[in-house]
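Read the structure below first, then the notes.
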Amino acid sequence: MENLFAKKNKIIFFLLIIIIFISVTMTAKAENNQEKVIQNEEITIAYVPRSLDNPIFLDAFEHAQEKAIDLGIKIEWVAPFAYNAKEQIKIIESLIVRKVDGMVVSVNNTPDYIEVINRAVDSGIAVATFDADAPDSKRLFHIGINNYQAGRVTATGLLEVLEAKNIDYKSKGKQLDTMIMTGVRGALNLDSRIEGFLDRVENTNLKVQDIVENQDSVNLSVELLEQYLQQNPNIDIIFFVGGWPFYVPAEALPNFQQWATNGGVAVGIDIFYDALLLQERGLLQYLVGQDMATMGSKGLSTLYNYIKYGAQPKEYIETGVEVANDDNLQRLLQTHRPWRVK
Amino acid sequence: MFNNLFKKIFNKIGIHTIRTKLIISFLVIGLLPILLFGLLSFNLYRGAINDRISDYSQEMVNRMERDLEDYINEIESFLSREQDFYINQFIKLTQVNDFRNNRKYAFRIWEDFNNLKQMKPGLEDIAITFQDGRRISSYGTFNIDIEDFKDKMYSNLSGKIFFTSPYKSYFQQEVITIVSSYYPEIAEENVLISADIDLDVLANLTDFNLGEKSYFLIADRNGDIIYHPDQEQIGERSLLYNAGFPNRKLNINGEQYILTSTFSRATGWYLISMASADEVESELNYITNLTVYITAIILILIILLTLYLSSSLSKPIQKLQELTHRASENDLSVKIDISGDDEIAELGKSFNKMIRRINKLMEQNVKEQKLLRQLEMQSLDNQIKPHFIYNTLDLIIGLLENQDFDRATHMVEALGKFFRLSLSHGKEMVLIRNEIKHVKNYLFIQQFRHGEEYEYIIDIEDFEIMDKHIPKLILQPIVENAIYHGLLPAEQKGLIIVKGFRKDKNIYFKIVDNGVGIPTKKVEDINKILSGELKTDDQQKYFGLRNVDQRLKLMYGGSSGLKVESIKGEKTIVTIRIDQRGGK
């Protein structure tokens, strides 16, 4: 009986060993298969800047491509050549149809953009924003600068310039007429910059006379700036919320040159090579720049980690700002490179 | 010939009125040419329309071919570009993943491609594609499934350019792509340079109006549809394919179509026109309807014109006919009033003239009859002269007193016959036989009264005249004149000869006496009075002669009447001429 029991135990034990072995083997095989699938999977992440004709995005383009090589994934960089909301939404829709794994977009916080982002998220695509955010959408995270702070920093720099030029910005008896040039109203990043700028100059004698919208178009921005200065040559200060008109050489901006020579003070956001050249020639006095390279590389890697590993990112990733003033201008001219083919 | 034919037709269908005949004639004359002309025009137009549709369709597909080839040639000239520095740099740097230096070339290519896209309508995108599927286009940089893309490509006849069938592009647009290989001199790998053409370009190329059911389509060499207005058919094998698309007529789902095609060597595509034959027919129906409407309108105009013309022509005739009928019913007060100068108006005038003439004749006739009655009555009155009757009766009494009953009986008998024949039962005309008897009775009585101072001879040469009728009391007044104005004044025994004869169509009586005769001047006056040359106010002058003469002229016309001849102291001849041709 005892032998019989021992014999039975041996059989059960042997069966258990076999079952465990099979289970372990199969699980390992399954895990290997799964790992193999993930490894061979080609992840495609698309960047959708606001337009292709705005060279400010080229840093992000360059660094996102480099990062994609590092990560072994495919990257796409698609946008309408000139900014056009409908075209950009159409492109996002085509990415939804193509079922890309993720997309990083620069958009407005407006209903049509929110709707298309939500549709992408609902179809299983991971969506992040860069440069310009749509916080009311279901986007995963935003990477960019604190635009409000960028506006404040620009205003602080302006006041420093005014002080250095002995221009009274505190006296209530005198008024400094100011023009603001922005892309489109409703673009959250641009609106925040304006808000930060205005908050900072609240207790000064700066008075905003006009806010000019250039529809995110470089060409239109140049045209509008020249027209405005022809009609309003006595404006004291111009705040460029973005660097649209800085992509053309100074010779293409005769009214602006004249106005600056006559003592006009211009400050703006966006640092790139052409803007620094204008600053060097004294047409711009103070610039605040975004770190577009980080937006490209970190934005891509963060989304990749989420897609591949499910790593939950922070909702807001700050890339920080840099300033260009007389102290560091020459160094910045060395580190930034021209984007245009000569 | 036609007249007889029309007469037969009209009689056969029982048409008798001028108005109906005119209406039918005008309609036939007016309608036949129009119907013949309409039928001829319709057939000519039908042939012309069919020819025109075929020619037009062929012209359209030829023009489409030219437009398509022009368009494709332009794209081709761009795609077949020589070495491009920026593209070469971009390819080289892309292959080594030098994104830092490559971004400016990428930007340049985006800009260039976008500019080209803006310049050429329908050019949806231009792209450079690497062999691993990486692509740069006017929309940025992205990846495509290169194997799938290559599967869609097929070469044209030259073999240098490739086309794809229609497909949804990266940006979900329906396009066809024209592809060319680009061999950069600085890199080993060749790339594909391509242009996406919006299918709307093909739609615009085929945007010719052939009709609602008609359409154009484009198919490749295998018959696979590249463009079709029904988008669901794009990519399908065309059912019209029959070792090409030969021109022919065919039936699709009960609709007749005229297929016209041309083959584009530059693209290797067939351009096909499908003109709906039913629409051509409907156009013809339209023409038919138009012809019918115009014919109907002309018919109505002709009918109205016919009614007007026939009415204007037949109305005076009807009026004329009605008035003639009234005139025939003795209403001679009618007068037709027709304006104008045509034959009918002339007929109306003649009718009025005729009626006036009849009225005049009637009045004249009445007048003459009245005169005749008067003359007759006067003549009768003359017969019943009281002293003639008294004398004759006295003579008879004397014979009775002498118991000469035979002669008395003869006298009474002669007198009775004399009056009986004078009255003739009121008849106007009497047989010559009776008129002769009447004269004999008169001469018998007068001879007896005047003691047989004269003889008389009645000599009727042509005895057949005895049965002719003449007005009564023609001879007796002349004989009476011969007795009283010729014989009785003479102192010798007298002789009266009454001769009757016929000459030509005339009946002549000559009353000859051998009495005192009449002076020549008087004879002339008498004859002038009788012929009307001389008027006299004395109604009793030559009463007997004038009475007889007038009655004869009234009865037989101016050629009849009396003529007096006389030789003073020798004889007097009164000739009575009765021209029977002028008798009433």
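Nothing in this text is a laboratory measurement; each read-out follows from the coordinates by a stated rule. Being a predicted model, the structure only gives us computed values, none of them experimental. Neighbour counts run over all protein chains shown; Cβ positions are idealised from the backbone, glycine included.
At full extension, residue B:132 and residue B:155 could sit 6.2 nm farther apart than now, given 0.36 nm per residue minus the alpha carbon distance.
Modelled label positions at residue B:190 and residue A:330, each set 7 Å beyond Cα in the direction of Cβ, lie 5.3 nm from each other. Peptide A:108-115 has a mean of 0 when you count, residue by residue, the C-beta atoms of other protein chains within 10 Å of its C-beta. Taking other C-beta atoms within 10 Å as the exposure proxy, A:42, A:195 rank A:42, A:195 from fewest upward. Taking GluC sites (Glu not before Pro) across the range B:381-456, the ones in a DSSP loop with at most 16 further Cβ atoms lying within 10 angstrom of their Cβ are B:428, B:452, B:453.
The length gained by stretching the chain between residue B:539 and residue B:285 to full extension, at 0.36 nm per residue less their Cα-Cα distance, is 81.8 nm.
Among beta bridges identified by DSSP and lying wholly in the protein assembly as shown, the antiparallel ones come to about 65 percent.
Annotation: lysines with alpha-carbon distance below 25 angstrom to residue B:160 (same-chain offsets under eight excluded): B:92, B:117, B:120, B:150, B:152, B:168. Derived value for the range B:424-496: Kirkwood hydrodynamic radius 13.1 Å. Basis is the mean of 1/r over every pair of different alpha-carbon atoms. Per-peptide packing, taken as the mean over residues of other Cβ atoms within 10 Å, places A:54-67, B:107-120, B:353-366 in the sequence A:54-67, B:107-120, B:353-366 from highest down. With r defined as the distance between the Cβ atoms of residue B:300 and residue B:66 and R0 fixed at 41 Å, what FRET efficiency is calculated, to the nearest 0.05? For R0 = 41 Å, the calculated efficiency reads 0.20. Using the structure shown, select from B:493/B:571; B:21/B:315; A:138/A:314; B:417/B:472; A:170/A:207; B:360/B:541 the pairs with a Cα to Cα distance greater than 19 angstrom. Violating the 19 Å Cα-Cα cut-off are B:360/B:541. Taking trypsin sites (Lys or Arg not before Pro) across the range A:83-145, the ones in a DSSP loop with at most 13 further Cβ atoms lying within 10 angstrom of their Cβ are A:99, A:138. For the pair residue A:177 and residue B:232, a Förster radius of 51 Å applied to the C-beta separation gives a FRET efficiency near 0.25, rounded to the nearest 0.05. Taking the empirical scaling 2.2 N^0.38 Å for compact globular proteins as reference, the protein assembly as shown has a Cα radius of gyration ratio of 2.39. Note on residue A:318 and residue A:42: with the Förster distance fixed at 35 Å, the Cβ-Cβ geometry gives a FRET efficiency of about 0.70. Packing around the peptides A:163-171, B:532-540, B:217-225, taken as the average count of other Cβ atoms within 10 Å per residue, puts them in this order, highest first: B:217-225, A:163-171, B:532-540.
Shielding by partners for peptide B:111-117, expressed as the average number of C-beta atoms from other protein chains within 10 Å of each residue's C-beta, is 2.
Here the convex hull built on the C-alpha positions of the range B:51-280 has a volume of 118 cubic angstrom per residue.
What does the charge count near residue B:530 come to, summing +1 for each Lys or Arg and -1 for each Asp or Glu among other residues with Cβ under 13 Å from its Cβ? Here the charged neighbours net out to +4.
May I ask you to derive the relative contact order of chain B, considering only C-alpha pairs under 8 Å and at least 6 residues apart, and to give it as an integer percent?
9 percent
Summing Lys and Arg as +1 and Asp and Glu as -1 over all other residues whose Cβ lies under 10 Å from the Cβ of residue A:159 gives a net charge of 0. Taking every C-alpha pair closer than 8 Å and separated by at least 6 residues, the mean separation divided by the residue count of chain A gives a relative contact order of 18 percent.
A simple spin-label model places the labels of residue B:337 and residue B:459 6.8 nm from each other, with each point 7 Å out along Cα-to-Cβ. According to the Cα-based calculation, Rg over Rh for the range B:161-295 is 1.15, with Rh computed by the Kirkwood formula. Please report the antiparallel percentage of DSSP beta bridges with both residues in chain B, rounded to the nearest 5. Restricted to chain B, the bridges split so that about 90 percent are antiparallel. Counting neighbouring Cβ atoms within 10 Å and putting the fewest first, the residues A:204, B:260 line up as A:204, B:260. Between residue B:42 and residue B:81, the contour length at 0.36 nm per residue exceeds the alpha carbon distance by 8.3 nm.
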